[in-house]
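A quick write-up on the structure given underneath.
The values are calculated or read from the model by the stated rules, or taken from the named source; none is laboratory data. Remember, predicted model here, so these are calculated numbers, not experimental data. Positions of Cβ are backbone-derived with ideal geometry, glycine not excepted, and every protein chain shown enters the neighbour counts. The accessibility values were calculated without ligands, DNA or RNA, using every heavy atom of the protein model including side chains. Shrake-Rupley method; radii C 1.70, N 1.55, O 1.52, S 1.80 Å.
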Amino acid sequence: MQTGVLYAALAYLAWGLFPLYFKQLSAIPALEVVMHRTVWCMVLLLAVLAVRRQWAWLGAVWRTPRVMGAFALSAVLLGVNWLVYVWAVQNGHVLDASLGYFILPLVNVGLGFVFLRERPRPGQWLAVAVAAAGVLWLALLSGHVPWVALVLAITFGFYGLLRKVGALGALEGLTLETLVLAPLAGCMLGWWAWHGQGALVQGSAADVGWLLLAGPLTAVPLLLFAAGARRVSMATMGILQYISPSLQLLIGVWLYGEPFASARAVGFCLIWAALVVYSLEGWWFSRQGTARVAAQ
């Protein structure tokens with residue numbers, strides 16, 4: 001249990017510090033960053049599979065169109081999520097990105113209700129309603145829908161849904177997703193290089209080095225997360241997941257000076273209140289279930 005908490009906490013800590021990494025690549029277009037992230041992540045994952053001699057699953061998957069289709073869709077969702085997140089960090093919207101991941105657990109409740117026939121408890125519905133009020137407040141305050149937060153929450157929510165019902169584990173699933181995206185990514189990087197464009201041709205050695213880091217920085221937190229998720233309860237994971245958006249919020253406000261006026265804080269406070277309700281309700285339900293099992 002303690003090892004699982006450590007693994008999960010390290011994964012969320014890494015994701016929370018991602019703005020520091022992507023800010024180093026602000027001079028490189030977000031699309032190009034995502035293309036590099038895809039290619040180098042794939043290279044690292046294939047190396048891991050080669051060391052573990054873990055190839056048998058790949059042939060079976062290629063012969064199963066339904067599985068391939070599901071992971072092609074999850075790959076697209078993941079690519080869109082990465083692109084919007086990198087763009088947001090590079091363009092001074094770290095707070096909006098953090099908001100998306102604060103909303104994500106509540107989006108998952110709604111997706112579970114619609115697609116998995118899960119029946120949220122009254123406390124969970126209350127949390128969703130309070131969070132929706134917070135999003136509405138932010139939309140009215142800014143005069144437009146907080147699209148960055150909503151796109152991040154919705155794409156990763158649907159991505160998580162597909163992975164939940166998918167036939168592959170974390171390592172195999174991410175490998176397949178990067179294999180789906182890699183041909184497009186490789187062609188675009190090659191096209192830019194052929195025309196004398198892109199970081200591989202015009203960038204500094206430091207830029208290329210930062211881009212190469214995208215592989216391990218993408219794969220390692222995911223593998224830590226998978227290792228942690230197998231060892232701890234969902235209730236514990238639900239609490240730990242707030243490490244990531246909390247760190248992003250602090251980085252956006254204190255390090256990058258993004259505005260966080262009192263009016264905007266109202267919307268965030270509503271969403272935090274929803275998360276408190278959601279977390280306490282989940283903890284209480286888990287405790288009651290444990291007590292019933294012990295009584296039997």
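Values computed for the structure shown
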item: Helices (runs of 4 or more DSSP H) completely within the stretch 1-65 that count 2 or more residues being free of Cβ contacts under 8 Å to residues at least 24 places away in the same chain; result: 30-52, 56-62
item: Yes/no for residue 114 being open to solvent by less than 30 Å² (accessible area, probe 1.4 Å) and more than 20 Å from residue 139 (Cβ to Cβ); result: no
item: Residue 98, sole failed condition from (1) in contact with a helix residue (DSSP H, G or I) (Cβ under 6 Å, 6 or more places away or on another chain); (2) over 19 Å from residue 247 (Cβ atoms); result: (2)
item: Verdict on residue 51 being more than 20 Å from the chain's Cα centre (by Cα) and surrounded by 14 or more Cβ atoms within 10 Å (Cβ to Cβ); result: no
item: Unmet requirement for residue 44, which otherwise passes all of (1) in contact with a Pro (Cβ under 7 Å, 6 or more places away or on another chain); (2) among the hydrophobic types (A, V, I, L, M, F, W, C); (3) open to solvent by less than 20 Å² (accessible area, probe 1.4 Å); result: (3)
item: Count of residues meeting criterion [more than 13 Å from the chain's Cα centre (by Cα) and under 23 Å from residue 46 (Cα atoms)] in the stretch 141-169; result: 6
item: Residues of the stretch 196-220 classified as surrounded by fewer than 21 Cβ atoms within 10 Å (Cβ to Cβ) and closer than 22 Å to residue 48 by Cβ, total; result: 7
item: Output for the stretch 243-286, where each listed residue is closer than 22 Å to residue 22 by Cβ and either among the aliphatic types (A, V, I, L, M) or crowded, with 20+ Cβ neighbours inside 10 Å (or both); result: 243, 244, 245, 247, 248, 249, 250, 251, 252, 253, 255
item: Positions within the stretch 110-137 being free of Cβ contacts under 8 Å to residues at least 60 places away in the same chain and of a type in the set (Val, Ile, Thr), in sequence order; result: 114
item: Qualifying residue in the stretch 13-34 (condition: within 17 Å of the chain's Cα centre (by Cα), small (Gly, Ala, Ser) and more than 21 Å from residue 193 (Cβ to Cβ)); result: yes
item: Residue check, residue 273 at pLDDT 85 or above and touching a Lys or Arg at 6+ places or on another chain (Cβ under 6 Å); result: no
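Listed here are the residues, each with its yes/no results for (1) open to solvent by less than 20 Å² (accessible area, probe 1.4 Å); (2) farther than 25 Å from residue 177 by Cβ; (3) touching a strand residue (DSSP E or B) at 6+ places or on another chain (Cβ under 9 Å); (4) modelled with pLDDT under 90.
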{"site": "78", "(1), (2), (3), (4)": "yes, no, no, no"}
{"site": "87", "(1), (2), (3), (4)": "no, no, no, no"}
{"site": "92", "(1), (2), (3), (4)": "no, yes, no, no"}
{"site": "144", "(1), (2), (3), (4)": "no, yes, no, yes"}
{"site": "153", "(1), (2), (3), (4)": "yes, no, no, no"}
{"site": "157", "(1), (2), (3), (4)": "yes, no, no, yes"}
